[in-house]
1. Peptides 157-166, 189-198: what's the order by average Cβ count within 10 Å, highest mean first?
2. Quick check: residue separation of ALA134 and TYR159 times 0.36 nm, minus the Cα distance between them. What number comes out in nm?
3. Taking the Cβ of LEU194 as the center, what net charge do the other residues with Cβ under 10 Å away carry, scoring Lys and Arg +1 and Asp and Glu -1?
4. Kindly put ASP228, ASP71 in sequence by how many other C-beta atoms sit within 10 Å of each C-beta, fewest to most.
5. Assuming 0.36 nm per residue, please report the length gained on full extension of the stretch ALA73 to ASP99 beyond their Cα-Cα distance.
6. Please sort by residue number the trypsin sites (Lys or Arg not before Pro) in the stretch 133-180 whose DSSP state is loop and whose Cβ has at most 15 other Cβ atoms within 10 Å.
7. Please give the per residue volume of the convex hull enclosing the alpha carbon atoms of the stretch 39-161, rounded to a whole number of Å³.
8. Do any GluC sites (Glu not before Pro) in the stretch 116-216 lie in a loop, going by DSSP, with at most 14 other beta-carbon atoms within 10 Å of their beta carbon, and if so which?
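Values in this text are rule-based calculations from the coordinates and carry no lab data. Predicted model only: the values in this text are computed from it and were never measured. With ideal geometry, Cβ positions are generated from the backbone for all residues, glycine too; neighbour counts draw on all protein chains shown.
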Amino acid sequence: MNPDGRNAVSRETSQPREPNDDVSRETTVTVEIAKRVSRGTSSLPARRASVSRETRETRVQVELALDGCGDVAAATGLGFLDHMLTALGRHARFDLSLDCCGDLAVDDHHTVEDCALALGEALDRALADRSGIARFGYAYAPLDEALTRVVVDFSGRPYASVALSLVRDSIGDVASENLVHFFRSLAIGARCTLHVDLQRGENDHHKVESAFKALALALAQAVAPVGDPNTIPSTKGVLA
Ligand SMILES: [Mn+2]
């Protein structure tokens, strides 16, 4: 029984009524709520996607569910990338499984790039024609002294502007330039516009982690099914 239901019953307690009114009213309200809950969940399409991407450089397998619980299993061979993907899925409340076997004997570039492309493609596929989504999302996320703003638009137009002011050559086992490249590759795969701007920060690990957390929050907003499920949120009528 929700609070409205309880109030509806309690407001009428001074009115004369048959002894069984409370029971029948509560039963009716409960059934109505059950119908609403049932309609709400069953009307949502299954917003999930599987992507396999295989080249001579990498093999990537992604399973993504947008309406998840934040369960993430990331195994890319790069510890820092796994750490960032886990933060991304957890804070966006996506269920995400991402495995990659890449040519790390060369360096980390192909692995980072292809994981981002495959994850982006999974986002694109899970959103189908993008009808009913919020489309835009923006968020700030701090990590101690570091603060990053991310703005995303599932416009269909791949574009990324990334300003993180990283000073170290690498963070863990990932080159700093490839972390910047991750956001660009994600935008290409997801066909979205992405702006990632560090507001302030000193520690490079903190800067990047705050960026991934802000990305997670912005993505969660942008993919939220807030609109008419039959309407594509574009004046053009298409987000292609
Ligand atoms: Mn960390």
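1. On the way: 157-166: 15.9, 189-198: 22.5.
Going by the mean number of other Cβ atoms within 10 Å, highest first, we get 189-198, 157-166.
2. Values: separation 25, 0.36 × 25 = 9.00 nm, distance 1.85 nm.
Here the segment from ALA134 to TYR159 would lengthen by 7.1 nm.
3. Numbers: positive: ARG184; negative: ASP153.
In short, 0.
4. ASP228, ASP71
5. Working: separation 26, 0.36 × 26 = 9.36 nm, distance 0.81 nm.
Length difference between fully extended and current span is 8.6 nm.
6. Values: sites: ARG135, ARG149, ARG168; in loops: ARG135, ARG168.
Sparse-neighbourhood loop trypsin sites (Lys or Arg not before Pro): ARG168.
7. Values: hull volume 16.2 nm³, N = 123.
Each residue corresponds to 131 Å³ of Cα convex hull volume.
8. Numbers: sites: GLU121, GLU145, GLU177, GLU202, GLU209; in loops: GLU145, GLU202.
Here the GluC sites (Glu not before Pro) that fit, given the DSSP loop and packing criteria, are GLU145, GLU202.
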